[in-house]
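The values are calculated or read from the model by the stated rules, or taken from the named source; none is laboratory data. Here the structure is a predicted model, which means the values were calculated and not measured. Neighbour counts are summed over all protein chains in view; Cβ atoms, including those assigned to glycine, are modelled from backbone coordinates with ideal geometry.
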Protein chains: 2
Amino acid sequence: MQLLMVSLNPLATLGGSSGDRSKWKRKSIVTLALTILTSSQSILIVWSKRAGKYEYSVTTANFMVETLKCALSLAALARIWRREGVTEDNRLSTTLNEVIVYPIPAFLYLVKNLLQYYIFAYVNAPGYQILKNLNIISTGVLYRIILKRELSEIQWAAFVLLCAGCTTAQLNSNSDRVLETPVQGWIMAIVMALLSGFAGVYTEAIMKKRPSRNINVQNFWLYIFGMIFNAIAIVIQDFDAVANKGFFHGYSLITTLMILNHALSGIAVSMVMKYADNIVKVYSTSVAMLLTAVVSVFLFGFHLSLAFFLGSTVVSVSVYLHSIGKLRR
Amino acid sequence: MQLLMVSLNPLATLGGSSGDRSKWKRKSIVTLALTILTSSQSILIVWSKRAGKYEYSVTTANFMVETLKCALSLAALARIWRREGVTEDNRLSTTLNEVIVYPIPAFLYLVKNLLQYYIFAYVNAPGYQILKNLNIISTGVLYRIILKRELSEIQWAAFVLLCAGCTTAQLNSNSDRVLETPVQGWIMAIVMALLSGFAGVYTEAIMKKRPSRNINVQNFWLYIFGMIFNAIAIVIQDFDAVANKGFFHGYSLITTLMILNHALSGIAVSMVMKYADNIVKVYSTSVAMLLTAVVSVFLFGFHLSLAFFLGSTVVSVSVYLHSIGKLRR
């Protein structure tokens, strides 16, 4: 909420020319979309868990998400071609030089998802949720190193606060167990955070390398490789289940809604990468995490803890400082 | 630690003239003294609790603290008179106009200490520790309103973080109970925070009203009224115990050390009020709280929680932002 309030103030970020204003408008809309889609995603997950354990293969669902995103990109392209004709920037055909970098994010995510199965030997699921906040720091560091974009000292302070605030908001009576994580668990968590941060930063680099290139073409190639790598994951992890019970075994209405939601938020992430950046993405998903908790109070009768209030306060101050830091740069 | 590192950098706060440098040096020393005395105070309290329940009357100990501070101020004055002679600024005699404001802080503390007995009907002791962090906010607000001193927007953000960070560092598995505090409990906690903040801000106003006035004279008058009000507290709360068992019943070596420590840190607070301000005092005592926990790990084998690490991180960022905020004003 705070994030949106801040970024909805055009004077805070822009000089005021009409081109800047339309850019700012687009940035705000994609950020808002990502925040809403991410929170509804978590709510769907809670809902599906309440409806009973889900019996479908997660890898097939991931494959369907990539396929749907690919189809949506093609549909959008078809409309554009009909309206504007095929141009250098919106044609689907590509050069090896352009396409060679597209498999990298999908590959990094595949490695990360495979590692995820092994980290649970060292950390339990709630502990892993807490360690995932290391993503915030790794994204900031890689954003600085790889994209060579600078954050002001206040924005760095805000980023550390974002990580501390999100973790605080998730604290519960068992959280201290995470401190007993063995060294292997810490190393894996850090490697996974780096892989995830690297994939995000790499996607941004790809999307921004050629700003005039139509985003739907870029998405198409990104998601094609997503489909390929997820097909590999099906073979590695769920071959037996798919062969015996069928590809769509255990799919329900909630599963379908979750796939739809993941596809839309995937596209929103791409748009945030093209029109905003990884930092906006991290803030957006962090605020979504807090929104989810508040909505869950009404939907599922969850109780908010004192730690949640304190963490939310720290995250809100972080969002405020991030916008202040930008102003003064 | 962070606080000291920051304030030990003279370039961060001052232009560099030799008068400024000696002021800065004095400010650093009194801040360091307050931080160390406050942490050792808490460590003495933990030690005395471990040594068994203390059987002495708290009001008589408070009276002894005021008496000792008064005696130390007189001793310091005696030295100054011998060295410099009696001047307008260091003579003990005073005007009604000057002395009339001195009873106010002592009176406010008396009311606050009496209220403390009633708040436990609504909040338990660990809950009260958490609610005491409201002092941070009330001090900042009253500092702004009464002393009309401005904090930059970054410094306000830092102050909110200080409160959230200190509370986070103190979280334990029972902390959520504080959310069930009835309205009366909240009102009393807020009133007590305001009384304590008001007493602090009023003390600063008194100490700074006449900068050339010798601090030992100001302390003498402050502590004289402290003695009077604590004598009243003895009569109200512990008359029977003192009448039956004697004034010094239950005093031990630890009790004596605690009285000595309280007296010295009381004088350090006065010095911080005269040479620095309430904001420095709040930061100093907050950092002392964190230091105490770390020292307790070594002394008493305490375990630090994840919440403590997160809270300490937020407090450290807060100290950093406070110093950055000053620079940019």
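Answer yes or no as to whether A:Ala164 is more than 22 Å from B:Phe302 (Cβ to Cβ) and of a type outside the set (Phe, Trp, Tyr). Against the criterion (more than 22 Å from B:Phe302 (Cβ to Cβ) and of a type outside the set (Phe, Trp, Tyr)), A:Ala164 does not qualify.
Run down A:Leu310, A:Leu291, A:Leu306 and say which single residue is away from chain B (no Cβ under 12 Å) and in contact with a helix residue (DSSP H, G or I) (Cβ under 6 Å, 6 or more places away or on another chain).
Numbers: A:Leu310 fails: away from chain B (no Cβ under 12 Å); A:Leu306 fails: away from chain B (no Cβ under 12 Å).
The match here is A:Leu291.
Here the helices (runs of 4 or more DSSP H) wholly within segment B:1-74 that include at least 1 residues being more than 30 Å from B:Val242 (Cβ to Cβ), over 22 Å from the mean Cα position of the chain (by Cα) and modelled with pLDDT under 85 are B:10-13, B:18-50.
Determine, yes or no, whether A:Met273 is touching an Asp or Glu at 6+ places or on another chain (Cβ under 8 Å), more than 13 Å from chain B (Cβ to nearest Cβ) and either in a helix (DSSP H, G or I) or crowded, with 19+ Cβ neighbours inside 10 Å (or both). Yes; evaluated as a whole, the condition is true for this residue. Residues in segment B:177-192 that are of a type in the set (A, V, I, L, M) and exposed (fewer than 15 other Cβ atoms within 10 Å of the Cβ) were compared, and the one that is farthest from B:Leu142 (Cα to Cα) is B:Leu179.
Looking for something within 14 Å of chain B (Cβ to nearest Cβ), crowded, with 19+ Cβ neighbours inside 10 Å, part of a helix (DSSP H, G or I) and touching a Phe, Trp or Tyr at 6+ places or on another chain (Cβ under 9 Å) - is there at least one such residue anywhere in segment A:232-239?
Taking segment A:232-239 first, the residues within 14 Å of chain B (Cβ to nearest Cβ) are none.
No: segment A:232-239 contains no residue that is within 14 Å of chain B (Cβ to nearest Cβ), crowded, with 19+ Cβ neighbours inside 10 Å, part of a helix (DSSP H, G or I) and touching a Phe, Trp or Tyr at 6+ places or on another chain (Cβ under 9 Å).
A:Ile259 meets each of the listed conditions (1) within 14 Å of chain B (Cβ to nearest Cβ); (2) within 20 Å of A:Tyr223 (Cα to Cα); (3) not small (Gly, Ala, Ser) apart from (1).
The listed residues are A:Val86, A:Val65, A:Val111, A:Val123, and the only one of them that is closer than 25 Å to A:Gly250 by Cα, surrounded by 12 or more Cβ atoms within 10 Å (Cβ to Cβ) and of a type outside the set (Asp, Glu) turns out to be A:Val65. Residues in segment A:144-189 that are within 9 Å of chain B (Cβ to nearest Cβ), aliphatic (A, V, I, L, M) and closer than 30 Å to A:Met207 by Cβ: A:Ile154, A:Ala157, A:Ala158, A:Val160, A:Leu161, A:Ala164. How about segment A:296-309: which of its residues are modelled with pLDDT under 90 and surrounded by 15 or more Cβ atoms within 10 Å (Cβ to Cβ)? Matches in segment A:296-309: A:Ser296, A:Phe302.
Based on this model, can you work out whether B:Ser286 counts as buried (at least 22 other Cβ atoms within 10 Å of the Cβ), among the polar types (S, T, N, Q), more than 11 Å from chain A (Cβ to nearest Cβ) and in contact (Cβ under 8 Å) with a residue 40 or more places away in the chain?
Details: buried (at least 22 other Cβ atoms within 10 Å of the Cβ): yes; among the polar types (S, T, N, Q): yes; more than 11 Å from chain A (Cβ to nearest Cβ): yes; in contact (Cβ under 8 Å) with a residue 40 or more places away in the chain: yes.
So B:Ser286 fits the description; yes.
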